[in-house]
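Novice: The structure is given below, and queries will be raised subsequently.
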Amino acid sequence: GGADRGGRCRAARPRRPHPAHHRAVRGTATPQEALALRAAGDTGRVLCWLWTPGGPWREAIEAEIDVTASGLWALHEIRAAARAAGRTARVQLKVDTGLGRNGCAPGDWPALVAAARAAETEGTVRVTGLWSHFACADEPGHPSVAAQQEVFRDALATAARAGLDPEVRHLANSPATLTLPSSHYDLVRTGVSVYGLSPSPEVGLPAEFGLRPAMTLRASLASVKRVPGGHGVSYGHSYRTPGETTLALVPAGYADGVPRHASGSGPVLVAGKWRTVAGRVAMDQFVVDLGGDTAAEGDPVVLFGPGHDGEPTAEDWARAAGTIGYEIVTRIGARVPRVHLG
């Protein structure tokens, strides 16, 4: 990929395999994302887990999306939606093994699995999966990892005693996929590693796992001009030019996912050299100081990529913004055109 004809940035990622070519299960957070996959023609298995009361249960059931119940309230709504649709809902049950976010509390788990088994008997539900999520798998040796595995084993045993026989059981996120084979069960849920990034430096570098950063963010310069020394740059004039210089404008900002926290520190490759953002990142644009170098409108800019050609990486941006690489690659907004490379 390169800059698009409109001059804004674009992100390049590997082309997704066609659903017919593999048996992978897609995972989405929201039902809207899952329904969008169906609307786009994805006919494979899709699991969606982040529900609130009154969600589009019936639409998801009719689209054969695996929905998640993390409590009795969700199971009640699923059963009602299944009756209205005249379909059997595919349901996965999630237990909170220690993360403290979504998931059924272990004390409430026996009641949930018993109710789910009753729903199976009446034909409104088919329990297709049992799952949970790690809190600290990106910190090798953290005691919570073994503790969560034990809680998950107990939860599986409780479900089996209730008569549930799911298609899949899954616990491992990216760091557990890379470092903890005992947590793999029937599925692993790779998130950050799909981007070719390591979950954390403590887990290891991408190359140690055979990972290659897969996303490149490019743009084209929108403006190039000479300015005198002492010229203020961007909001607040937190940067002033040290002498006569050339300023170049990159048409991407925090509305596109470029972190404002990287103002004055975010790295970019322009005119063959690393530069840093000069002054504040604005909503739609930021400036770089080219010093004595020259450039022209339309010249390419690489914000981040694999790093093989000397460009910054998502991890470089993460350090500049005080965050993690996963946030850098996932925050790139819908205004940025995507180009998928085979």
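The values are calculated or read from the model by the stated rules, or taken from the named source; none is laboratory data. If you're wondering where the values come from, they're calculated on a predicted model, not measured in any experiment. Backbone-built Cβ (ideal geometry, glycine too); neighbour counts: all protein chains shown. We work out accessible area using only protein heavy atoms, side chains counted, and drop any ligands, DNA or RNA first. Shrake-Rupley method; radii C 1.70, N 1.55, O 1.52, S 1.80 Å.
Novice: For the chain, give the share of DSSP beta bridges that are antiparallel, in percent and rounded to the nearest 5; count only bridges with both residues there. Walk me through the numbers on the way to the answer.
Specialist: Details: 27 of 51 bridges.
Roughly 55 percent of the beta bridges in the chain run antiparallel, per DSSP.
Novice: For the stretch 91-156, which trypsin sites (Lys or Arg not before Pro) are in a loop by DSSP, counting at most 15 other Cβ atoms within 10 Å? Mind showing how you got there, number by number?
Specialist: Values: sites: LYS94, ARG101, ARG117, ARG126, ARG153; in loops: ARG101.
For trypsin sites (Lys or Arg not before Pro) across the stretch 91-156 that sit outside H, G, I, E and B with at most 15 neighbouring Cβ atoms in 10 Å, the list reads ARG101.
Novice: Still on this structure, I have one more. Kindly state, to the nearest 0.05, the FRET efficiency for ASP284 paired with ARG240, given R0 = 22 Å and r defined as their beta-carbon distance. Let's see the in-between values first.
Specialist: Numbers: r = 22 Å, r/R0 = 1.00.
So the FRET efficiency works out to roughly 0.50.
Novice: Further question: From Cα pairs below 8 angstrom and at least 6 apart in sequence, can you work out the relative contact order of the chain, rounded to a whole percent? Walk me through the intermediate numbers first.
Specialist: Details: 755 pairs, mean separation 53.8, N = 342.
So the answer I get is 16 percent.
Novice: Which FRET efficiency value, to the nearest 0.05, do you get for THR43 and ASP299 by plugging their Cβ-Cβ distance into 1/(1 + (r/R0)^6) with R0 = 45 Å? Can you show the working numbers first?
Specialist: Numbers: r = 43 Å, r/R0 = 0.95.
Given R0 = 45 Å and the Cβ-Cβ separation, E is 0.55.
Novice: Let me ask another. Can you compute the FRET efficiency between GLU64 and SER182 using 1/(1 + (r/R0)^6), with r the Cβ-Cβ distance and R0 = 35 Å? Round to the nearest 0.05.
Specialist: Numbers: r = 32 Å, r/R0 = 0.90.
Efficiency, rounded to the nearest 0.05: 0.65.
Novice: Mind grabbing the accessible area of SER200 for me, 1.4 Å probe, Å², rounded to tens?
Specialist: 10
Novice: Once amide H atoms are placed 1.01 Å from N in the peptide plane, what residues at a sequence separation of 5 or more from VAL168, or on another chain, have their amide H within under 5 Å of its amide H?
Specialist: So VAL168 has HN proximity to GLY129, LEU130.
Novice: Please identify which residues in the stretch 41-66 have an amide N closer than 18 Å to a label point set 7 Å out from the Cα of ALA84, following the Cα→Cβ vector.
Specialist: Of the residues in the stretch 41-66, 51-66 have backbone N under 18 Å from the label point off ALA84.
Novice: Please give the direction-averaged projected area of the C-alpha convex hull for the chain, in square nanometres with one decimal.
Specialist: For the chain, averaging the hull's shadow over all directions gives 19.3 nm².
Novice: What is the Rg over Rh value, at two decimals, for the stretch 144-274, using alpha-carbon atoms and the Kirkwood definition of Rh? Can you show the working numbers first?
Specialist: On the way: Rg = 24.1 Å, Rh = 19.6 Å.
With Rg and the Kirkwood Rh in hand, the quotient comes to 1.23.
Novice: Note the full-extension length gain between ASP309 and ALA29 as 0.36 nm times their separation in residues minus their Cα-Cα distance, in nm to one decimal. Before the final figure, lay out each step's value.
Specialist: Working: separation 280, 0.36 × 280 = 100.80 nm, distance 3.43 nm.
Gain on extension, ASP309 to ALA29, equals 97.4 nm.
Novice: I would also like to ask the following. Taking only the alpha carbons of the stretch 25-197, what extent do you get along each of the three principal axes, in Å, biggest first?
Specialist: Sorted largest first, the three principal extents are 48, 38, 24 Å.
Novice: Moving on. Can you give the helix-only mean residue ellipticity at 222 nm for the chain, where every DSSP H stretch with n ≥ 4 adds -39500 (n - 2.57) and the sum goes over all residues, rounded to the nearest 500 deg cm²/dmol?
Specialist: On the way: 8 runs with 82 residues, N = 342.
For the chain, the value works out to -7000 deg cm²/dmol.
Novice: Same structure, new question: Please find, in a Gaussian network model of the chain (springs between Cα atoms separated by less than 10 Å), the residue of GLY196, GLY55, GLY103 whose mean-square fluctuation is greatest.
Specialist: Result: GLY55 has the largest fluctuation of those listed.
Novice: How much area per residue is accessible in the stretch 217-331 when the probe is 1.4 Å and only protein heavy atoms are counted (Å²)? List each step's numbers first, then the result.
Specialist: Values: 5090 Å² over 115 residues.
I get 44 Å² per residue for the stretch 217-331.
Novice: Counting only residues 5 or more places away or on other chains, whose amide H sits under 5 Å from the amide H of GLY291 once H atoms are built in the peptide plane?
Specialist: Those lying under 5 Å, H to H, from GLY291 are THR246.
Novice: Let me ask something additional. What is the spin-label model distance, in nm, from LEU205 to LYS225 if the labels are put 7 Å beyond Cα along the C-beta direction?
Specialist: Distance between the two pseudo-spin positions: 4.3 nm.
Novice: In a GNM of the chain with a 10 Å cut-off on Cα contacts, which of PRO251, PRO201, PRO213 has the highest mean-square fluctuation?
Specialist: Comparing PRO251, PRO201, PRO213 in the GNM, the peak value goes to PRO201.
Novice: Normalise the Cα radius of gyration of the stretch 265-327 by 2.2 N^0.38 Å (N = residues in it) and let me know the number.
Specialist: Values: Rg = 11.8 Å, N = 63, 2.2 N^0.38 = 10.6 Å.
Against the empirical 2.2 N^0.38 Å value, I get 1.11 for the stretch 265-327.
Novice: For the chain, which whole-number percentage of the solvent-accessible area (1.4 Å probe, protein heavy atoms only) is attributable to carbon and sulfur atoms?
Specialist: Working: 8430 of 15960 Å².
Reported share for carbon and sulfur atoms: 53 percent.
Novice: While we're on this one: In whole Hz, what ³J(HN,Hα) sequence does the stretch 45-53 give by Karplus (6.51, -1.76, 1.60; θ = phi - 60°), x for Gly and Pro?
Specialist: For the stretch 45-53, the Karplus-derived couplings read 5, 10, 10, 10, 10, 9, 10, 10, x Hz, x marking Gly and Pro.
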